[in-house]
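Read through the structure below, which is laid out as structure tokens, and then see the notes.
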Amino acid sequence: MRSLLFVPGDSEKKFAKALASQADALILDLEDSVSPTVKEGARRTVRAAIGEARKKKTRPRIYVRVNPLDSGLLEADLDAVTPARPDGIMLPKSRGGQDVMQLSTKLAVREAESDLPDGEIAILPIATESAAALFNMGSYAGASRRLSALTWGAEDLSADVGASTNRLTDGAYTDPYRLARALALFAATAAEIAPIDTVFVNFRDREGLAAECDAARRDGFSGKLAIHPDQVATINAAFTPSAEAIARARAVIDAFLANPGAGVLGLDGEMIDRPHIKRAERLLEAAKAAGIG
């Protein structure tokens, strides 16, 4: 998934617009974008939206951001949306692998009640929304076979620590949030799932978004969250491998296939070794997921 677009769960109009955005995934939100007074109505809207999306021959993946485990709202969220068969659940305020295990158990019960295949619904945690969560980042590996990806959040984290801002005047993250970003990347990689970069909140700043996407791709993230449909095209372009990169990856793999006993090879004047194979394979997987492999 290159682009994952948030959609307020109480807006049918915004859902319809999001479906046309070419986002790889839509995240129907029952948490922050929905006020407490309209949660119940939003659940009904989200359930209907999932059903509408599933009728389409081609569609984005549909995730639902539920309310946190300790909110007192999660059970009603899952009761409402699980029977509609979303592709996944986004878990906000995740404190570590234990939270993922708890959510997985709750989903297993509801899948059985709805006669759905066990483990069908994936989990995507937001892993850095509290200071305490940063000390559990290594616990996601092996937590659940439902884990599909992992992302991080800077806005809730800055509120938790009482920071006046999480960015410098040039737009770069301050050190605490650079650390959270790096830990999320490493945690996802260790768990062998997709690392997804967080939102870029200034949706009118396309140059800033493009620069942040380029940095995320460079560092190893495979996609990025979006808060507005206008961000999707920029994100998709940034995380779609170029024809040159695909050709290079294939050349690396072909070189080692032709020399299976080699540990190090020369390719176009560059020394390549086994880690280059892994990098090439990941790039080709990304290309295939984007429909160009």
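The values are calculated or read from the model by the stated rules, or taken from the named source; none is laboratory data. For clarity, every value in this text was computed on a predicted model and none was experimentally measured. Ideal geometry is used to build each Cβ from the backbone, glycine not excepted, and the neighbour counts take in all protein chains shown.
Odds and ends about this structure:
- Going through (1) over 20 Å from residue 126 (Cα atoms); (2) outside any helix (DSSP H, G or I); (3) in contact with a Cys (Cβ under 8 Å, 6 or more places away or on another chain) one by one, residue 240 falls short only on (3).
- Evaluation of residue 192 against the conditions (1) farther than 30 Å from residue 163 by Cβ; (2) among the acidic types (Asp, Glu); (3) in a helix (DSSP H, G or I); (4) touching a residue at least 24 places away in the same chain (Cβ under 8 Å) shows that the sole unmet condition is (3).
- A single member of 251, 233, 255, 245 is touching an Asp or Glu at 6+ places or on another chain (Cβ under 9 Å) and in a helix (DSSP H, G or I), and it is 251.
- Residues being polar (S, T, N, Q) and modelled with pLDDT of 95 or more - total across region 229-248: 3
Yes or no, residue by residue, for (1) in contact (Cβ under 8 Å) with a residue 40 or more places away in the chain; (2) among the polar types (S, T, N, Q):
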position	(1), (2)
2	yes, no
6	yes, no
9	yes, no
15	no, no
18	yes, no
21	yes, yes
24	yes, no
32	yes, no
44	no, no
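- Residues that are under 23 Å from the mean Cα position of the chain (by Cα) and buried (at least 19 other Cβ atoms within 10 Å of the Cβ) do occur in region 269-282.
- For region 160-184, the candidate set comprises residues that are among the small types (Gly, Ala, Ser) and surrounded by 21 or more Cβ atoms within 10 Å (Cβ to Cβ); within that set, the residue that is farthest from residue 202 (Cα to Cα) is 184.
- Region 229-258 residues that are farther than 14 Å from residue 292 by Cα, paired with ones that are modelled with pLDDT of 90 or more and of a type in the set (Ser, Thr, Tyr) (beta carbon under 8 Å, 6 or more apart): 229/21; 231/3; 232/3; 232/21; 235/3
- Residue selection: residue 221 fails the criterion of being of a type in the set (Phe, Trp, Tyr) and not assigned by TED's automatic domain parsing to the domain that holds residue 188.
- Against the test of being buried (at least 20 other Cβ atoms within 10 Å of the Cβ) and either of a type in the set (Ser, Thr, Tyr) or more than 18 Å from residue 221 (Cβ to Cβ) (or both), the options 103, 116, 124, 157 yield a single qualifying residue, 103.
- Within region 131-154, the set of residues being touching a Gly at 6+ places or on another chain (Cβ under 7 Å), surrounded by 16 or more Cβ atoms within 10 Å (Cβ to Cβ) and part of a loop (DSSP other than H, G, I, E, B) comprises 140, 143, 146, 148.
Rundown of residues vs (1) buried (at least 20 other Cβ atoms within 10 Å of the Cβ); (2) closer than 20 Å to residue 151 by Cα, yes/no style:
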residue: 5; (1), (2): yes, yes
residue: 13; (1), (2): no, no
residue: 23; (1), (2): yes, yes
residue: 31; (1), (2): yes, yes
residue: 35; (1), (2): no, no
residue: 40; (1), (2): no, no
residue: 59; (1), (2): no, no
residue: 70; (1), (2): no, yes
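- Of all residues making up region 53-92, the number that are out of contact with any strand residue (DSSP E or B) (no Cβ under 8 Å at 6 or more places or on another chain), of a type outside the set (Ser, Thr, Tyr) and outside any helix (DSSP H, G or I): 9
- Within region 195-228, tally of residues that are of a type in the set (A, V, I, L, M), modelled with pLDDT of 95 or more and not in a helix (DSSP H, G or I): 5
- Within region 9-32, being under 20 Å from residue 122 (Cβ atoms) and assigned to a loop (DSSP other than H, G, I, E, B) holds for 9, 23, 24, 30, 31.
- Selected residue [outside the structural domain of residue 65 (by TED's automatic domain parsing), out of contact with any Cys (no Cβ under 9 Å at 6 or more places or on another chain) and surrounded by 12 or more Cβ atoms within 10 Å (Cβ to Cβ)] from 215, 255: 255
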